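Inspection log for the structure reproduced underneath, given as structure tokens.
FYI, it's all coordinate maths here, none of it is from the lab. Since the structure is predicted, the reported quantities are computational estimates derived from the model, not experimental observations. No Cβ is skipped: glycine too gets one built from the backbone with ideal geometry, and neighbour counts run over all protein chains shown.
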């Protein structure tokens with residue numbers, strides 16, 4: 001049994017597992033390579049866990065070759081120092097344990113921490129904001145907020161219903177200041193007579209025509225994520241149901257169980273949504289059951305059709321055999337529920353059943369998700 005390195009004076013700090021450091025204050029410390037798990041490694045600011053071993057943190061690698069020997073570090077040629085390659089961290093806990101990095105639910109990955117960015121870098125980073133004191137701080141929707149931490153972020157408010165930290169859009173009283181804030185939209189909510197500012201997520205029409213063979217729900221989501229029309233940095237999913245992997249309602253208009261009837265459903269309750277239609281921006285909103293309040297204020301397009309898989313009461317309809325079939329034939333497996341883009345009522349999502357190998361252009365509506 002021996003004393004921990006931290007209790008040793010410099011004259012005795014020559015054991016294989018110990019090293020003397022003059023950083024901030026003279027101290028004998030345990031070498032990073034002697035920590036064998038994430039917990040013990042991550043509590044030491046000089047160490048970095050790479051998923052299997054503990055090594056020196058990037059900022060303590062003073063040589064370019066040593067720096068680049070780790071995929072989690074990158075050499076800064078301009079300033080000649082070793083920086084954290086935050087994007088290389090695929091684990092949330094490891095990312096957040098690195099002081100210069102921050103996990104973003106909005107981006108679904110690890111990014112440079114807002115606190116480590118200068119003003120110019122901060123302005124270019126979608127998950128960060130510049131507060132009234134000129135500091136770069138995490139934005140409301142960066143995805144790691146809690147009801148306790150959200151209140152400390154300037155301009156943020158906790159959405160109890162959706163359990164998310166969102167911009168405090170309701171504090172804005174005019175259209176110009178409202179629209180100047182990302183994820184805020186100006187409009188008249190259902191049941192109101194005057195316009196107001198509210199939190200809004202984005203939607204977009206997938207700018208390609210597709211048949212019924214989309215690769216299932218996961219394939220449709222991948223199309224949304226990979227689309228060039230993808231606005232912003234959020235995660236997008238397809239407003240598409242198959243009665244199994246994704247469901248909007250299990251009873252008519254979710255009248256029995258409310259929003260809890262949804263399975264991996266893409267809409268949130270009591271939320272505004274904006275989409276760029278052919279004639280301009282169209283705003284809609286959902287009710288407490290997480291289904292659209294209709295009619296829309298304007299059609300999404302003058303023509304064209306939209307795969308949805310829903311019936312007019314939001315229960316699951318036909319879905320081209322789970323969106324895996326584009327063949328011609330008879331029976332439900334060869335049909336898919338679709339809507340008309342020129343409709344402003346429920347017909348925008350459910351205008352009838354169409355063959356899975358259509359001659360008419362079909363589209364998918366992609367919906368931004370809360371982190």
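Observations on the model:
- As a rough footprinting exposure proxy, the listed residues 363, 230 were ranked by other beta carbons within 10 Å of their own, and the order from fewest upward is 230, 363.
- With Cα atoms, 0 to 90° folded angle of helix 216-226 axis to the chain main axis: 60 degrees
- Shown here: mean projected area of the Cα convex hull in nm², derived from the displayed model; of the candidates (1) 27.8; (2) 26.6; (3) 24.4, it corresponds to (3).
- The helix-based estimate of mean residue ellipticity at 222 nm for the chain, built from -39,500 (n - 2.57) per DSSP H run of four or more residues and divided by its residue count, is -2500 deg cm²/dmol to the nearest 500.
- Gained length - residue 3 relative to residue 36, 0.36 nm times residue gap less alpha-carbon distance: 10.0 nm
- Ordering 205, 27, 240 by the number of other Cβ atoms within 10 Å of each residue's own Cβ, fewest first, gives 27, 205, 240.
- R0 of 22 Å, Cβ-Cβ distance residue 64-residue 20: FRET efficiency to nearest 0.05: 0.35
- As a rough guide to protection, the peptides 243-252, 174-183 ranked by mean Cβ packing within 10 Å, highest first, stand as 243-252, 174-183.
- Which of 61, 15 has the fewest Cβ neighbours within 10 Å, and the rest in rising order: 15, 61
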